[in-house]
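Inspection log for the structure reproduced underneath, given as structure tokens.
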Amino acid sequence: MGDSNEAGAEAPPAKAGARGGLRLLSPGEPEEPSAQAGCWCSTGSSAHAGSPLCAHQGSALLLGGSEVKSRAVVKYSSAPPRAAFARLEEKTDLKLPPANWLRESAKLGPAGTTILGNSKKSKPFSSFGMAYDFIDSVGNDVDVVSDSENIKKLLKIPYSKSHVSMAVHRVGRTLLLDELDIQELFMRSSQTGDWTWLKEFYQRLIDQKWQRKKKSKEHWYQKAILSKFLYYSINGDGAAQPVPSAAEQQESRSDQTSGSDGAAWPAPFEMPSSVSEDPIASSQGLKNDFVRNILWTFEDIHMLVGSNMPIFGGGRYPAVSLRLRDNNKPINVLTGIDCWLDNLICNVPELVMCFHVNGIVQKYEMIKTEEIPNLENSNFSTKVIKDIAQNILSFLKSNCTKEGHTYWLFKASGSDIVKLYDLTTLCEETEDKYQNPFTMPVAVLLYKVACNMMMKKNQNKKHYGTIRTLLLNCVKLLDKSRHPQIIASANYMLSELFQLDEPKKEESSESPFNENSDESYSEEEEEMGDSDENGSHSTGSDPPDDSKAVAIIKSVGELSVPEKYKSIHQIRPSCAFPVCHDTEERCRLVLSYVLEGLKSVDSSMKKESDLPAADPSTPIPLKYEDESARGGPEGLEKQMALFLDKMGSLQKGNYSSQSGMIPGSWQHKMKLQLILKSSKAYYVLSDAAMSLQKYGRALRYIKLALQSHDTYCCLCTNMLSEVLLFLSQYLTLCGDIQLMLAQNANNRAAYLEEFHYQTKEDQEILHSLHRESSCQGFAWATDLSTDLESQLSVSCKCYEAAHEILQFSDLKSQNTEHYVQVLKRMGNVRNEIGVFYMNQAAALQSERLVSKNVSAAEQQLWKKSFACFEKGIHNFESIGDATNAALLLCNTGRLMRICAQAHCGAGDEFKREFSPEEGLYYNKAVDYYLKALRSLGTRDRHPAVWDSVNWELSTTYFTMATLQQDYAPLSRKAQEQIEKEVSEAMMKSLKHCDVDSASARQPLCQYRAATVHHRLASMYHSCLRNQVGDEHLRKQHRALADLHYSKAVKLFQVLKDTPCELLRVQLERVAFAEFQMTGQNSNVGKLKTLSGALDIMVRTKHAFQLIRKELVEELDQAKSAASSPAAEAAPSLSREEVLRLLSIFESRLSFLLLQSIKLLSPGRRRASNNVEEDLALRANKQIYSQLLRATADRNTSLVERIDVLVHLLDQLAQGSAVQ
């Protein structure tokens, strides 16, 4: 672990023009303490807890006269405090081991034997260990993850004749590079039989029999003296020990090299079927055992590199790297590149080179890092190294495009050709495609990267395509029978990518679903040319043996050409994120992943369910139940009670799985999540079908959602409030669907067909649910009934259940909007049920013809209707919805009027009287209407509802007054009391009848007001006729009758379609004048009254004109109907009514004219020379004569008779009548 010395000061930037050559250090030169002691490596945040590292940035080095950008940040370090650098005395014999050789010490730490000696061989999965520890960097930020030895080997390809064999894996935009030791692999295959297919392929490729190459004695000798040299360098006294015996040397060599050059390949990577919660916990051989993990940025390439290079410090040399070199062998280019890259990666500014001859120390040389490329015999261009790095990365990124595949980068020893093979494709051609030992580590890494990105999915949804590709490739790599947990988890995460609760924005450019999976991989938007100008792909001219190569670099020299492979950053994705065009498609994708996850969980269960095994291809039979057997609403009440009991038990944590799944196991947790996801998907599907008015389909989906939720309830040991809220929403939607089915009974056959249809996917999900539960907990809510009352009752019970659930865990206060919606729906459906019972009662009433008594069935329906209205009013009042409460109060008033109508006598109309029961119910109706108005407060709150309630209230008063007037209860009340009550009711009716406001109901209000005035005038007229005595009261009645007749005439004149009513009122006014005339004694008074009556007759001309117009239109329509029989005639006037009124009018006009002639005749008046009276007498005689002739002619048509009357009225209007 690092300490304050390790996390030291930043290295000063080197100067661009440094040309100091080599600076010699004399052996034994004394060290001077320096305040700059510490590590030159900049440090970043550690991936492991307990590593005290501080953030630090590296420096840019200007090397070889041209700038090469290099920046190193140590992400993790397990190195002990830096050992002081000790120079050995000249002539020190490195063949003799130091006293501390291969022993632990405080300076070396417990891992001293592995820290020293960069001869340690990296494991084949070393990059995966780093990737697991720094999962945030994989897939997006980092281009390459690898051992520093592999990086150096790649960058030295154009300079070296050595063979190169590496495994390459792609995760997002990150490449993982690992050494693929073919010799070690084949040694293992000869023992286990694995990789035989690769061995055969390799032998065909090389065209020779494979043999293991043994290490030379020189190789072991050089490793031994290097190890001793490094131990000497931290042992300040320089003491040497006697040389061990040959046996001891062999033992030491075996100790040093065991675990280094031995078998580094782990056993086949397998995980038990029941793994821990973290699927990676049992990873074998995937540890990150590098001393340092460094984030190295070389030009524009970001690499996560593991390094074990020993770094020494102390004195005037805070950080140096040590190299041992045979003085007889000059430093070559490969050594120079190796040293330069090591120092760049670890950000070490200087190199100390110790020269020896046959193990005897000769001298030391200090070389600055930026001077290494210019050393004699090892001169190389840093720019060329940069070009090599960029070209190799571009070549690999453009050809290693399939995530999850293992690629093999191979260059034979002494060859200039580099080939890339897809081992996964080659492996799939064998019998067991899971032979590839990289399969499991790659799948686990894909899974971990996807998990990490999922945790950040809300920050950037454009990564959804990347996550989906990672997970699909992970699932594709794994054997379902061996790794059910990872497959189930991956499928669940795939389902989570589709946001079911978001609004549909498939067309929006911001939607992540429009992005292809290459969104996060593409580094440039350049098009890849069809030509093979970069030579990255094999061509037809390649030898036959290369036909299986994915790509070929024909000559390593191409790697030194700047930007040779620049245009191949564009990556062609293997799969694209699906674009969901509608909600159903999105939900179906979610359910497909949920099903795969459920299959994985079920397959991992050792204990099978006690249920009989069901064939997924066979539909599960639906249970039908006779409606009569259910007991109607009573049976529904029992099922509701059972449901609420179950909900109460869930709050106590009862667990009742049928499959015997262990609570807390990964199967239990995963199945809960998958089932909950399926219920959400079915809910969204149901809501979408509801909006499309596919109510049968909507009911089927909500049934599946509730069945999923029922299973969730059986498995859940602690019900979350969020899940209870989901259930409340499901039941609310189920109530909506049942209500719509009740209101659209005409399409019941189509809805039944939709409801019973079932996909294979739904059947398989239901089969998995049946392993845990009977799925019948919500059967009461999801049956498709054919009875209207039952559907309305089920809808109401769904809302009631949703409301009850909101009482649990204080959900009501946390979800006030949903709570308000549930109460509104409950009030609405109770209104629907109340109206249903009210209409049934009205139907029974209309069928009752003989019996005067109200039946018990009617009374029962009234009670049910009233109870529903009352509960609905309470629902709306509890949420302050005054408008809807007013509407329900209005309906309750209507119910009271129906009750009143039911109590009216059905016997002899002449003996009928207005009963007390009628008065009681009408008064109750009035009370409810007045409550509705008080609920609204003012008209401004809701004008339409206010006007409707006012109209109903006016109608109630009018009906009650009319019945009392027409069927006066004289057996119980006095005439005067009845007249008073009628008058009061009529005036209240007028008060609530708005004749002034312009609206669609205005003509009705005007007609109602005119009728009220007409009836009041008739009543006072009748009172005046029948009254004897009290002259003051007679005067009052006379004035009131005249007033109401005048108002009635004015209102009827405004209306254009009531000429008969207008004519009738005018005739009554004439009769009223005649009655007044009978009580007069003087001729002058009689003439005055008569003159007024004739004036009323003249004013009826307007009514006759309207009647004539309608009669002419009726004749025209009759003619057109005769010519075109298909045409329908519009409703016309009652000809009988017109004839009756016309006959009365003619008789009264004849009578008035006759009376005027008698009064104006000379024998009846006083002698005078009144010329006007003479003229009037002459005119009246003439009109009377014409009227008699007209009425005598029975062949005159109705229109002609009206024309004659209009003509006579014109004559009267000209002033010929009595003035």
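The values are calculated or read from the model by the stated rules, or taken from the named source; none is laboratory data. Note that the coordinates shown come from a computational prediction; the quantities given were computed from them, not determined experimentally. So basically every Cβ, Gly included, is an ideal-geometry build from the backbone, and we count neighbours across all protein chains shown. To get the accessible areas, we keep the full protein, side chains included, count just its heavy atoms, and leave off ligands, DNA and RNA. Shrake-Rupley method; radii C 1.70, N 1.55, O 1.52, S 1.80 Å.
Per the listing SER252, SER233, the residue uniquely open to solvent by less than 30 Å² (accessible area, probe 1.4 Å) and modelled with pLDDT under 75 is SER252. Consider segment 296-344 and keep the residues that are on the phi < 0 side of the Ramachandran plot, touching an Asp or Glu at 6+ places or on another chain (Cβ under 6 Å) and in a loop (DSSP other than H, G, I, E, B). The one that is most open to solvent (accessible area, probe 1.4 Å) is ARG316.
This table checks each residue for (1) open to solvent by 10 Å² or more (accessible area, probe 1.4 Å); (2) not polar (S, T, N, Q).
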residue	(1), (2)
ASN718	yes, no
SER721	yes, no
GLN729	yes, no
GLU754	yes, yes
THR759	yes, no
SER768	no, no
SER793	yes, no
PHE808	yes, yes
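Can you find a residue in segment 887-899 that is under 28 Å from PRO943 (Cα atoms) and open to solvent by 40 Å² or more (accessible area, probe 1.4 Å)? Yes: segment 887-899 contains one or more residues that are under 28 Å from PRO943 (Cα atoms) and open to solvent by 40 Å² or more (accessible area, probe 1.4 Å). Residue pairs whose Cβ atoms lie under 6 Å apart, sitting 6 or more positions apart in sequence or on different chains, and linking a residue in segment 437-453 that is on the phi > 0 side of the Ramachandran plot to a partner that is surrounded by fewer than 24 Cβ atoms within 10 Å (Cβ to Cβ), do not occur here. In segment 287-300 there is at least one residue that is among the basic types (Lys, Arg) and within 23 Å of LYS69 (Cβ to Cβ). Taking ARG939, is it open to solvent by 70 Å² or more (accessible area, probe 1.4 Å), over 22 Å from ALA882 (Cα atoms) and in contact with an Asp or Glu (Cβ under 8 Å, 6 or more places away or on another chain)? When the stated conditions are applied, ARG939 does not pass them.
Return a yes/no flag: does segment 824-846 have any residue that is open to solvent by 40 Å² or more (accessible area, probe 1.4 Å) and either among the hydroxyl-bearing types (Ser, Thr, Tyr) or in contact with a Cys (Cβ under 7 Å, 6 or more places away or on another chain) (or both). Scanning segment 824-846, I find at least one residue that is open to solvent by 40 Å² or more (accessible area, probe 1.4 Å) and either among the hydroxyl-bearing types (Ser, Thr, Tyr) or in contact with a Cys (Cβ under 7 Å, 6 or more places away or on another chain) (or both), so the answer is yes.
Conditions (1) outside any helix (DSSP H, G or I); (2) touching a residue at least 24 places away in the same chain (Cβ under 8 Å); (3) buried (at least 20 other Cβ atoms within 10 Å of the Cβ), marked per residue:
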residue: ARG1034; (1), (2), (3): no, no, no
residue: GLN1053; (1), (2), (3): no, yes, no
residue: ASN1081; (1), (2), (3): yes, no, no
residue: MET1097; (1), (2), (3): no, yes, yes
residue: HIS1102; (1), (2), (3): no, yes, no
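Residues that are open to solvent by 10 Å² or more (accessible area, probe 1.4 Å) and more than 17 Å from VAL333 (Cα to Cα) within segment 356-386 comprise VAL357, ASN358, ILE360, GLN362, LYS363, GLU365, listed in sequence order. Looking across segment 1007-1021, just one residue is open to solvent by 20 Å² or more (accessible area, probe 1.4 Å) and either closer than 14 Å to ASN950 by Cα or at pLDDT below 85 (or both), and that is ARG1008. Do we find that VAL357 is more than 19 Å from TRP296 (Cα to Cα), modelled with pLDDT of 90 or more and in contact with a Ser or Thr (Cβ under 9 Å, 6 or more places away or on another chain) in this structure? Against the criterion (more than 19 Å from TRP296 (Cα to Cα), modelled with pLDDT of 90 or more and in contact with a Ser or Thr (Cβ under 9 Å, 6 or more places away or on another chain)), VAL357 does not qualify. Every listed requirement among (1) touching a Leu at 6+ places or on another chain (Cβ under 8 Å); (2) surrounded by fewer than 21 Cβ atoms within 10 Å (Cβ to Cβ) is met by ALA802 save one, (2). For segment 762-802, filtering for residues that are in a loop (DSSP other than H, G, I, E, B) and hydroxyl-bearing (Ser, Thr, Tyr) leaves 4. Of everything in segment 1104-1134 that is at pLDDT 85 or above and among the basic types (Lys, Arg), the residue that is most open to solvent (accessible area, probe 1.4 Å) is LYS1109.
The set of residues in segment 855-881 being open to solvent by less than 50 Å² (accessible area, probe 1.4 Å) and over 33 Å from the mean Cα position of the chain (by Cα) consists of SER855, GLU858, LEU861, TRP862, SER865, ALA867, CYS868, PHE869, ILE873. The set of residues from segment 724-761 being polar (S, T, N, Q), part of a helix (DSSP H, G or I) and modelled with pLDDT of 90 or more comprises SER728, GLN729, THR732, GLN738, GLN743.
If you check ASN347 against the conditions, is it within 58 Å of the chain's Cα centre (by Cα), surrounded by 18 or more Cβ atoms within 10 Å (Cβ to Cβ), touching a residue at least 24 places away in the same chain (Cβ under 8 Å) and at positive phi? It is true that ASN347 is within 58 Å of the chain's Cα centre (by Cα), surrounded by 18 or more Cβ atoms within 10 Å (Cβ to Cβ), touching a residue at least 24 places away in the same chain (Cβ under 8 Å) and at positive phi.
The listed residues are GLU952, GLU984, GLU976, and the only one of them that is modelled with pLDDT under 90, among the acidic types (Asp, Glu) and either part of a helix (DSSP H, G or I) or touching a helix residue (DSSP H, G or I) at 6+ places or on another chain (Cβ under 7 Å) (or both) turns out to be GLU976.
Answer yes or no as to whether GLN738 is closer than 23 Å to VAL820 by Cβ, surrounded by fewer than 24 Cβ atoms within 10 Å (Cβ to Cβ) and not hydrophobic (A, V, I, L, M, F, W, C). Spelling it out, it is not the case that GLN738 is closer than 23 Å to VAL820 by Cβ, surrounded by fewer than 24 Cβ atoms within 10 Å (Cβ to Cβ) and not hydrophobic (A, V, I, L, M, F, W, C).
More than 30 Å from MET719 (Cβ to Cβ) and either at pLDDT below 90 or in a helix (DSSP H, G or I) (or both) - does that describe any residue in segment 823-831? Scanning segment 823-831 turns up at least one residue that is more than 30 Å from MET719 (Cβ to Cβ) and either at pLDDT below 90 or in a helix (DSSP H, G or I) (or both). Given the criteria in contact (Cβ under 8 Å) with a residue 40 or more places away in the chain and buried (at least 19 other Cβ atoms within 10 Å of the Cβ), does ALA961 qualify? Considered against the rule, which asks whether it is in contact (Cβ under 8 Å) with a residue 40 or more places away in the chain and buried (at least 19 other Cβ atoms within 10 Å of the Cβ), ALA961 comes out as yes.
Restricting segment 345-376 to residues that are β-branched (Val, Ile, Thr) and not in a loop (DSSP other than H, G, I, E, B), the residue that is nearest to ASN308 (Cα to Cα) is ILE345. Determine if segment 1061-1070 includes at least one residue that is over 26 Å from SER1156 (Cβ atoms) and either open to solvent by less than 60 Å² (accessible area, probe 1.4 Å) or assigned to a helix (DSSP H, G or I) (or both). Yes - at least one qualifying residue is present in segment 1061-1070.
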